[in-house]
Amino acid sequence: MIEITNLYKTYHSTEGNVEALKGINLKVEKGEIFGVIGFSGAGKSSLIRCVNMLEKPTSGSVVVNGLEMTQLTGQNLRNARKKIGMIFQHFNLLESCTVFENVAVALELSNTPKQVITEKVNNLLSIVGLADKKNNYPSQLSGGQKQRVAIARALANDIEVLLCDEATSALDPQTTNAILDLLLDINKKFQITILLITHEMHVIKKICDKVAVIENGQIIEEDTVLNVFTNPKNQTTKNFIKSIMEEDLPESVLKKLQKEDRNSNILKLTFVGCNAAQPVLARIAKELPVWPNILSGNIIQIKDQTLGRLIIELAGDSNSIEAGIQILKEQNVLTEVLNYD
Ligand SMILES: Nc1ncnc2c1ncn2[C@@H]1O[C@H](COP(=O)(O)OP(=O)(O)O)[C@@H](O)[C@H]1O
Ligand SMILES: [Mg+2]
């Protein structure tokens with residue numbers, strides 16, 4: 001649905017040139033929710049704005065639904081853009097228009113008959129849960145409600161792709177979740193492909209199927225969200241994951257362990273779905289002269305799957321520990337020996 005190849009974007013200003021994007025390659029399949037995560041200044045907005053040509057790429061190709069966007073001009077570009085909705089961090093609503101009028105605007109521009117507009121806008125407002133606010137002005141709405149208006153407006157053109165530029169970054173956590181649920185709902189109901197950018201891992205984990213990590217204008221890691229959480233490769237990716245899933249042991253636990261004089265390894269165990277670690281730990285303790293001791297554990301939801309993480313101390317003689325690790329690996333528990341020296 002979206003294919004970006006070798007995309008470069010350089011801004012020219014009096015202070016010099018800024019290379020915001022340096023050879024981006026991305027492929028988003030139809031119906032997918034694809035997230036791009038990165039710190040401020042990484043190039044996220046430049047990237048998403050190059051998809052609908054709000055920014056003109058310096059070089060490279062951007063194909064959306066079979067159309068090479070970089071080659072389109074005039075009416076052809078306007079027609080292609082109609083199928084690509086966009087929502088923003090600060091909503092960008094028309095302050096002097098009512099909720100109804102904000103959603104109707106695009107339909108009026110394309111000369112849709114009045115009765116069709118009324119029907120369609122009312123329907124969209126009920127989908128986003130704002131049927132009772134249609135005569136209100138944006139200043140009378142909360143942030144979450146404003147974003148709902150923006151989503152209804154984006155949907156008015158029967159879009160195929162929705163671009164979200166930090167759409168929940170101005171919202172509190174609870175409202176963020178409600179808006180993310182709405183995006184999920186829309187993705188399922190209308191098969192709309194969503195490309196979103198964010199600096200929050202929570203957004204990625206809650207609704208995305210795939211994720212790419214962007215740093216200094218380049219994609220440094222990309223995979224399904226589950227794979228990235230299970231086995232992150234890049235340090236920046238690891239740091240983003242730490243924001244929701246603590247990997248380090250509390251200082252006090254670590255000190256206590258270091259004082260104890262026994263042969264042991266600290267293991268990080270990751271298990272997906274029903275592949276629970278608990279029975280495996282019981283098994284190795286039964287079969288081998290080893291003592292598993294759970295030090296920390298958590299479980300998180302990644303879209304519709306669960307990911308569990310345990311940090312354990314496995315005590316025993318070196319050969320038995322090695323045999324225990326072998327059993328864990330055979331049971332498909334991702335096992336990593338942590339080094340705390
Ligand atoms: N219009 C512009 N002119 C000059 N530099 C810009 C412009 N827009 C963005 N940049 C620069 O490009 C880089 C990437 O910016 P941006 O794409 O907005 O990153 P992000 O959205 O990840 O914060 C930054 O260094 C930013 O200062
Ligand atoms: Mg940005």
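The values are calculated or read from the model by the stated rules, or taken from the named source; none is laboratory data. For clarity, every value in this text was computed on a predicted model and none was experimentally measured. Methodologically, a virtual Cβ is constructed for each residue, glycine included, from the backbone with ideal geometry; neighbour enumeration extends over all protein chains shown.
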*Pro138 is checked against (1) over 24 Å from Cys97 (Cβ atoms); (2) surrounded by fewer than 21 Cβ atoms within 10 Å (Cβ to Cβ); (3) not aliphatic (A, V, I, L, M) and fails just one. What number does that condition carry?*
(1)
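When region 92-111 is examined, which residues are found to be of a type in the set (S, T, N, Q) and surrounded by 15 or more Cβ atoms within 10 Å (Cβ to Cβ)? Steps first, please.
To start, the set of residues in region 92-111 that are of a type in the set (S, T, N, Q) comprises 92, 96, 98, 102, 110-111.
Within region 92-111, Thr98, Asn102 meet the criteria.
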*Within region 194-227, can you find the residues that are within 12 Å of ligand 1 (Cβ to nearest atom), more than 11 Å from the chain's Cα centre (by Cα) and outside any strand (DSSP E or B)?*
Asn216, Gly217
_Test: residue in region 200-222 that is surrounded by fewer than 16 Cβ atoms within 10 Å (Cβ to Cβ), over 28 Å from Val63 (Cα atoms) and out of contact with any helix residue (DSSP H, G or I) (no Cβ under 8 Å at 6 or more places or on another chain)_ = no
*asked:* surrounded by 15 or more Cβ atoms within 10 Å (Cβ to Cβ) and either within 16 Å of ligand 2 (Cβ to nearest atom) or hydrophobic (A, V, I, L, M, F, W, C) (or both): is that true of Lys22 in this structure?
replied: no
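Which count do you get for residues in region 150-171 that are outside any strand (DSSP E or B), closer than 18 Å to Lys189 by Cβ and not charged (D, E, K, R)?
Taking region 150-171 first, the residues outside any strand (DSSP E or B) are 150-160, 166-171.
Now narrow it down to the ones that are closer than 18 Å to Lys189 by Cβ: 150-160, 167.
Retained after the next criterion (residues that are not charged (D, E, K, R)): 150-152, 154-157, 159, 167.
Of the residues in region 150-171, 9 are outside any strand (DSSP E or B), closer than 18 Å to Lys189 by Cβ and not charged (D, E, K, R).
Being without any contact (Cβ under 8 Å) to a residue 12 or more places away in the chain and either surrounded by 13 or more Cβ atoms within 10 Å (Cβ to Cβ) or in a strand (DSSP E or B) (or both) is the filter here; which residues of region 228-237 pass it? Talk me through it step by step, then tell me what you get.
Residues of region 228-237 that are without any contact (Cβ under 8 Å) to a residue 12 or more places away in the chain, as a first pass: 232, 235.
Scanning region 228-237 gives a single hit, Pro232.
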*Taking Ile207 and the conditions (1) at pLDDT 95 or above; (2) farther than 18 Å from Gly129 by Cα; (3) within 16 Å of ligand 2 (Cβ to nearest atom); (4) not basic (Lys, Arg), which numbered condition does it fall short on, given that it satisfies the others?*
(3)
*Looking at Asp165, Asp185, which is the one that is away from ligand 2 (no atom under 16 Å from the Cβ), within 17 Å of the chain's Cα centre (by Cα) and either surrounded by fewer than 17 Cβ atoms within 10 Å (Cβ to Cβ) or in contact (Cβ under 8 Å) with a residue 24 or more places away in the chain (or both)?*
Asp185
*Search result, residues across region 296-307 that are surrounded by fewer than 19 Cβ atoms within 10 Å (Cβ to Cβ) and closer than 14 Å to Glu246 by Cα*: Ser296, Gly297, Asn298, Ile299, Ile300
_When residues of region 238-272 are limited to those that are modelled with pLDDT of 85 or more and of a type in the set (D, E, K, R), the one surrounded by the most Cβ atoms within 10 Å (Cβ to Cβ)_ = Lys268
